[in-house]
1. Taking the condition of being more than 53 Å from the chain's Cα centre (by Cα) and either of a type in the set (Phe, Trp, Tyr) or assigned to a loop (DSSP other than H, G, I, E, B) (or both), how many residues in the stretch 54-83 meet it?
2. Determine if the stretch 17-27 includes at least one residue that is open to solvent by less than 50 Å² (accessible area, probe 1.4 Å) and more than 17 Å from residue 104 (Cβ to Cβ).
3. State which residue is surrounded by the fewest Cβ atoms within 10 Å (Cβ to Cβ) when the search covers only the stretch 92-129 and only residues that are among the hydrophobic types (A, V, I, L, M, F, W, C) and under 18 Å from residue 19 (Cα atoms).
4. Please go through the stretch 1-53 and give me each residue that is among the aromatic types (Phe, Trp, Tyr), assigned to a strand (DSSP E or B) and touching a residue at least 60 places away in the same chain (Cβ under 8 Å), ordered by number.
5. Within the stretch 17-47, how many residues turn out to be under 18 Å from residue 117 (Cα atoms) and modelled with pLDDT of 95 or more?
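The values are calculated or read from the model by the stated rules, or taken from the named source; none is laboratory data. Computed from a predicted structure; not experimentally measured. All Cβ positions, glycine included, derive from the backbone under ideal geometry; neighbour counts span all protein chains shown. Please note that ligands, DNA and RNA were not included when accessible areas were found on the heavy atoms of the full protein model with its side chains. Shrake-Rupley method; radii C 1.70, N 1.55, O 1.52, S 1.80 Å.
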Amino acid sequence: MDSYESVLLVKNEVFVFKVPPITTNRGHKAADWNLSDPQWTGRMRLVAKDKECVLKLEDKTSGELFAKCPIDKYPGLAIEPVSDSSRYFVLRIQDDNGRSAFIGVGFSDRSDSFDLNVALQDHFNWLKKSEEIEKEKDVPKPELDLKFKEGETIKINMKITKKDGSEASAKPKSKPSGGGLLPPPPGGVKIAPPPAPSITSSPSHQAPPPAKPESWGEFASAPSPSPGAATTPSNPNWVQF
């Protein structure tokens with residue numbers, strides 16, 4: 001499957017300069033390029049396809065390719081900043097036959113060069129992370145044995161939160177023995193004493209039977225007193241003469 005070319009950055013105005021040979025160990029200097037007379041002006045596009053990154057210099061109107069700079073890493077030899085300015089770089093361009101040359105490029109605005117730096121750093125950081133992920137996939141990983149061994153058990157302490165926010169244990173409460181009857185309360189059961197019997201219902205307080213009227217026959221049959229004893233009538237209503 002063919003991969004697509006993605007555009008990382010576009011700058012509509014870039015200047016190209018002829019780079020003189022380096023005479024000192026301080027690197028390239030933009031002040032040596034005759035900045036008032038650029039050799040070419042056009043558009044710059046930074047594109048990526050798979051792991052390849054290419055900076056292309058194209059005509060503003062037709063889009064015709066002027067030069068291309070394959071970039072294998074950044075910072076690197078393919079694109080180098082100059083020592084005296086942050087707006088200019090030295091590019092190593094290549095043709096289709098593999099021949100290479102060095103040219104100078106620059107921007108009129110400092111923010112354009114800043115955007116180029118950020119785009120290159122982001123692309124190569126992404127490539128580095130992608131390579132690390134691919135390497136991790138190739139490393140065999142030990143399989144985790146999560147099965148229970150023979151005789152091994154697990155204990156789970158579950159807590160249930162009520163609506164009021166308090167916690168209740170999920171352990172079921174044991175039922176009382178005895179057919180579901182509740183045990184007696186502590187201290188025994190106090191039974192109220194029976195009501196006291198009334199006077200009319202008690203056998204010991206029954207009314208005595210009515211007395212029989214005395215008759216003259218009972219009086220006549222009363223035993224006679226012993227001799228010499230004083231005679232006292234048994235009837236309190238008896239008048240003694």
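1. 7
2. So far as the stretch 17-27 goes, no, none of its residues is open to solvent by less than 50 Å² (accessible area, probe 1.4 Å) and more than 17 Å from residue 104 (Cβ to Cβ).
3. 101
4. Within the stretch 1-53, 15, 17 meet the criteria.
5. Within the stretch 17-47, residues that are under 18 Å from residue 117 (Cα atoms) and modelled with pLDDT of 95 or more number 5.
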